[in-house]
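Student: Have a look at this one before I ask anything.
The values are calculated or read from the model by the stated rules, or taken from the named source; none is laboratory data. Every value quoted in this text rests on a predicted model; they were computed, and no experiment measured them. Note: ideal-geometry Cβ built from the backbone for every residue, glycine included; neighbour counts use all protein chains shown. Surface accessibility is based on the protein's heavy atoms, side chains included, excluding ligands, DNA and RNA. Shrake-Rupley method; radii C 1.70, N 1.55, O 1.52, S 1.80 Å.
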Amino acid sequence: MEYAIKILELERLSIISALKNGQKERLNDLQQLDKALGWLYLLEEKQLDRANRYNFEALPFIEGRGGFTYYRIAIDNETDDIAFWEEYKKEDGSQLILSLGDYILIKK
């Protein structure tokens, strides 16, 4: 990942130089490159493996539930009895609120 990031960072500097020299048509190139670099930085930070080892699952609109329905993640404590389930909380103790349009990254 480091190699790819370094190559793109060098290309970014080249595009910035071209923009400073009046090549305004390179602005779109810079925006696309910044978007790609942002994703690569995130992947490197989270130490994710190859893309084919993951799947993005979009949380759909739940018919009949209204537009403000939230998804919750529960720890089932190895039982089907909902009374013993606990809602997942983030490290800071706050709830993880998921809703329509959010994605879950699933490792295959």
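Student: Can you tell me which residue among E57, E44 is over 30 Å from E11 (Cα atoms) and under 17 Å from the mean Cα position of the chain (by Cα)?
Tutor: Values: E44 fails: over 30 Å from E11 (Cα atoms).
Unique residue meeting the criteria: E57.
Student: Hey, another quick one. Keeping to the stretch 63-108, report how many residues are among the charged types (D, E, K, R), part of a loop (DSSP other than H, G, I, E, B) and touching a residue at least 24 places away in the same chain (Cβ under 8 Å). If you could, list the steps in order and put the result at the bottom.
Tutor: Applying the first criterion (among the charged types (D, E, K, R)) to the stretch 63-108 yields 63, 65, 72, 76, 78, 80-81, 86-87, 89-92, 102, 107-108.
Narrowing further to those that are part of a loop (DSSP other than H, G, I, E, B): 63, 65, 72, 76, 78, 80-81, 90-92, 102, 108.
If we keep only those that are touching a residue at least 24 places away in the same chain (Cβ under 8 Å) as well, we get 72, 102, 108.
Residues flagged as among the charged types (D, E, K, R), part of a loop (DSSP other than H, G, I, E, B) and touching a residue at least 24 places away in the same chain (Cβ under 8 Å) within the stretch 63-108 amount to 3.
Student: Let me ask something additional. Please specify each residue of the stretch 8-26 satisfying the condition of being within 18 Å of L40 (Cα to Cα) and open to solvent by less than 100 Å² (accessible area, probe 1.4 Å). It would help to see each step written out before you state the result.
Tutor: Going residue by residue through the stretch 8-26, those that are within 18 Å of L40 (Cα to Cα) are 8-13.
Listed by number, the residues that qualify are L8, E9, E11, R12.
Student: Here's a follow-up. So which residues in the stretch 89-108 are among the hydroxyl-bearing types (S, T, Y) and open to solvent by less than 90 Å² (accessible area, probe 1.4 Å), if there are any at all? Step through it out loud before you land on a result.
Tutor: As a first pass, look at the stretch 89-108 and keep what is among the hydroxyl-bearing types (S, T, Y): 94, 99, 103.
Across the stretch 89-108, the qualifying residues are S94, S99.
Student: Go through the residues of the stretch 29-36 one by one and say whether even a single one is touching a helix residue (DSSP H, G or I) at 6+ places or on another chain (Cβ under 9 Å), open to solvent by less than 70 Å² (accessible area, probe 1.4 Å) and not in a helix (DSSP H, G or I). Don't jump to the end; show me each part of the working.
Tutor: Our first condition is that a residue be touching a helix residue (DSSP H, G or I) at 6+ places or on another chain (Cβ under 9 Å); within the stretch 29-36, this holds for 29-30, 33-34, 36.
Cutting the leftovers down to open to solvent by less than 70 Å² (accessible area, probe 1.4 Å) gives us 29-30, 33-34, 36.
In the following step, the residues that additionally are not in a helix (DSSP H, G or I) were identified as none.
Within the stretch 29-36 (the criterion being touching a helix residue (DSSP H, G or I) at 6+ places or on another chain (Cβ under 9 Å), open to solvent by less than 70 Å² (accessible area, probe 1.4 Å) and not in a helix (DSSP H, G or I)), the answer is no, since none of the residues qualifies.
Student: Right, something else. Would you mind finding the one in Y70, Y54 that is open to solvent by 50 Å² or more (accessible area, probe 1.4 Å) and out of contact with any His (no Cβ under 9 Å at 6 or more places or on another chain)? Walk me through it before giving the result.
Tutor: Working: Y54 fails: open to solvent by 50 Å² or more (accessible area, probe 1.4 Å).
On inspection, the qualifying residue turns out to be Y70.
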